[in-house]
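Down below is the structure, laid out as structure tokens.
All of the numbers you see were taken from the coordinates with simple rules; none came from a lab. Everything numeric in this text was worked out from a predicted model, so none of it was measured. Neighbour counts run over all protein chains shown; Cβ positions are idealised from the backbone, glycine included.
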Amino acid sequence: MKTLRAIPLTAADFAPFGDVVSAASAQIKKQINAGHTTRFHDLADVASQDGGRLSVNIFRSDYCDMPVTIHQMERHPKSSQFFMPLGPNPYLVVVNNSGKFNMDGLRAFIAQPDQGVNYRAGTWHHYSLALQGQSDFLVVDYVDLGENCDIMDLPQPLQVTV
């Protein structure tokens, strides 16, 4: 079994796969609502290649024991998919580049509760893995695009540690 060690999530390390989303990463900050609100503007490139309809969802992920063994990955070839945690727990992000899947391209990141991720269209990823208890995520993606979820069994199981 192959083993992969997760590293802290940073915008630079995650750039090949998509965007890290947090208020701290905002390039544009605006005071709105008579100065009572700060708008952290345009934090992710939420994109669709074939139109579609933007969908806002909440996903609830069960806690997973470490180390976790991964057997499958998925990708959405026609649109990006954005995840933002809604609670106080860190979570695990496992990704691979888009295109032909390669076990050597797998990366694992430990995302903090104030960090979201926006997977680029076609980026292979595992579903959200809650590290310290059941966790809810705000998920923004596209629907009405036809077939937009490819699921692949890994050629060998992957054990991820933190």
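What the table below lists for this structure:
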| quantity | calculated |
| --- | --- |
| Candidate lysines for bridging to residue 2, where Cα separation is under 29 Å - those fewer than 8 sequence places away on the same chain excluded | 100 |
| Over the chain, relative contact order from alpha-carbon pairs under 8 Å, at least 6 apart, % | 38 |
| In region 56-149, the trypsin sites (Lys or Arg not before Pro) that fall in loop regions by DSSP, at most 13 other Cβ within 10 Å | 100 |
| Expected 222 nm ellipticity per residue - DSSP helices of 4 or more, -39500 (n - 2.57), all of the chain, to 500 | -500 deg cm²/dmol |
| Cα gyration tensor, region 1-82 - rounded (a/c under 1.5), prolate or oblate | prolate |
| Mean-position separation - Cα centroids, region 9-27 and region 62-109, in angstrom | 15 |
| P(r), alpha carbons of the chain - 5 Å bins starting at zero, rounded % | 2, 9, 17, 21, 22, 16, 8, 4, 2, 1, 0, 0 |
| Whether region 64-147 is rounded, prolate or oblate, judged on the alpha carbon gyration tensor where a/c under 1.5 counts as rounded | oblate |
| Prolate/oblate/rounded call for region 55-98, Cα gyration tensor, a/c under 1.5 rounded | oblate |
| Theoretical gain in end-to-end length, residue 50 to residue 32 [0.36 nm per residue, Cα-Cα removed] | 3.2 nm |
| Assigned charges on the beta-carbon of Lys, Arg, Asp, Glu; region 25-141 dipole about Cα centre (debye) | 340 |
